[in-house]
1. Quick one: which residues, 5+ away or cross-chain, put their amide H under 5 Å from the amide H of Tyr33? H built at 1.01 Å from N.
2. Out of the total accessible area of the chain (probe 1.4 Å, heavy atoms of protein only), what percent is carbon and sulfur?
3. Put one equal scatterer on each alpha carbon of the range 317-398, apply the Debye formula with no solvent term, and list log10 I(q)/I(0) at q = 0.13, 0.15, 0.19 1/Å to two decimals.
4. Ordering His369, His267 by how much accessible area each has at a 1.4 Å probe, largest first, what is the list?
5. As a test, work out the antiparallel percent of DSSP beta bridges whose residues both lie in the chain, rounded to the nearest 5.
6. Would you grab the residues whose amide H sits under 5 Å from the one on Phe134? Only those 5+ places off in sequence or on another chain, please, with H modelled 1.01 Å from N.
7. Starting from a Cα-only point model with no solvent, please compute log10 I(q)/I(0) by Debye for the chain at q = 0.07, 0.08, 0.09, 0.11 1/Å.
8. In the Gaussian network model of the chain, springs joining C-alpha atoms below 10 Å, which of Ala27, Ala371, Ala363 carries the largest mean-square fluctuation?
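The values are calculated or read from the model by the stated rules, or taken from the named source; none is laboratory data. Fair warning: this is a prediction, and the values are worked out from it, not measured in the lab. Cβ: placed from backbone, ideal geometry, glycine included. Neighbour counts: every protein chain shown. Calculation scope for accessible area: heavy atoms of the full protein, side chains included, ligands and nucleic acids excluded. Shrake-Rupley method; radii C 1.70, N 1.55, O 1.52, S 1.80 Å.
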Amino acid sequence: MSDDAPAYGFDTLQIHAGARPDPATGARQTPIYQNTAYVFRDADHAAALFNLQEVGFIYSRLTNPTVSVLQERLAALEGGVGATCASSGHAAQILALFPLMGPGDNVVVSTRLYGGTITQFSHTIKRFGWEAKFVDFDKPGQVARAVNKRTKAIFCESIANPGGYVTDLPRIAAVAERKGVPLIVDNTVATPYLCRPFEHGAHIVVHSTTKYLSGNGTAMGGAVIDSGKFDWSASDKFPSLSAPEPAYHGLKFHETFGPLAYTLHGHAVGLRDLGMTMAPMNAFLTLLGIETLSLRMERHVANARRVAEWLEQDPRVESVTYAGLKSSPHYRRARKLCPKGAGALFAFALKGGYDACVKLVDALQIFSHVANLGDTRSLVIHSASTTHRQLTPEQQEAAGAAPNVVRLSIGLEDPEDLIRDLDQALTKATS
Ligand SMILES: *Cc1c(COP(=O)(O)O)cnc(C)c1O
């Protein structure tokens, strides 16, 4: 598509945004540029590229044509100005915080997060001198009180993994706005088809593209997408973006690049020096997945609703935590923020407790027992004994991963088959 294209709809953008027939061969599908380096036209061209005076390809740790198509596509689908892809969702989270944080700084984060993110934030980032302050995001007053002079961002998930919880993004965004810090939203579980955090006040979106975006359980990846709306120069909180950058002869990113400052910093400093680059093959696989994102998400959501409604009326089940059910305390919020559906990831509690959960997982036949979500295949996991095992009982409870809770990621199979499989496994687990 040309740059002056009209505002296309989501289904058109998920197929075309960022891509054009290959200029060298006319190849219609985006080729996999499986190369590391690019020939400079001459010495002046090389110098201009290294000075960031001209945009172009230098070395695939920084930019690669296949990965660039994915970046443009994700920016278009989220309604942002630019994106930086990374080797995984966890890498994207570090890459997102990197331009903002220094030793002694903190980020205020929701207690309801992917288990691996809770571990990354509560332990690993301390090695950089960064701190995460965990707060219940249903209490915006507490979020505001947790923000102090050294807070550089607020972080949450739109639909939170694993509990079928939806964050009240407009209220949290209002806190971020008042405090002068960006709101970063992990939109992995919702995808931009179900929720567009920038429309609700978020400034930055991160993704694990490993999940619904690639969609088939084939490619690890992550992305950081910038709305371009945060004013990095409004305070002296963000010197990496507003003050002279010593590694580029005193260049000021925000002054020079305006709304693209954060994205260009992600490539020119983040990927250059941290090196968590997405592989071109993985970008290609993820682009293939995104071509059918809306179709898959509609079916994921429809199947999830069928299965959740069936589980909710089953006497062996204690409760179902899915924001797509009318009984959920988050139902109305989900209707507002995710009008096309509350995702396909939810948890349910079994009357038989921990032991019954373990038996259920072993008895299921169509559902695969894996530490993943967002696959075409239906997946199951007992979070307390696996992904959330490293957490304290209080953290498990707060994250929606109590010992009697099983998490399902509903795939694209026939919903009748999924229900029959759950029925037979529930019988074995509770007899
Ligand atoms: C999987 C996941 C991550 C981590 O992504 P990886 O690609 O596995 O590194 C982060 N956030 C959420 C919500 C996830 O589901």
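1. For Tyr33, whose amide H was placed from the backbone, the distant partners under 5 Å are Thr66.
2. Of the solvent-accessible surface of the chain, carbon and sulfur hold 54 percent.
3. -0.50, -0.67, -1.02
4. Output order, biggest surface exposure first: His369, His267.
5. 60 percent
6. Amide H neighbours of Phe134, under 5 Å, 5+ apart: Val109.
7. For the chain at q = 0.07, 0.08, 0.09, 0.11 Å⁻¹, log10 I(q)/I(0) is -0.34, -0.44, -0.56, -0.82.
8. Ranking Ala27, Ala371, Ala363 by mean-square fluctuation puts Ala27 first.
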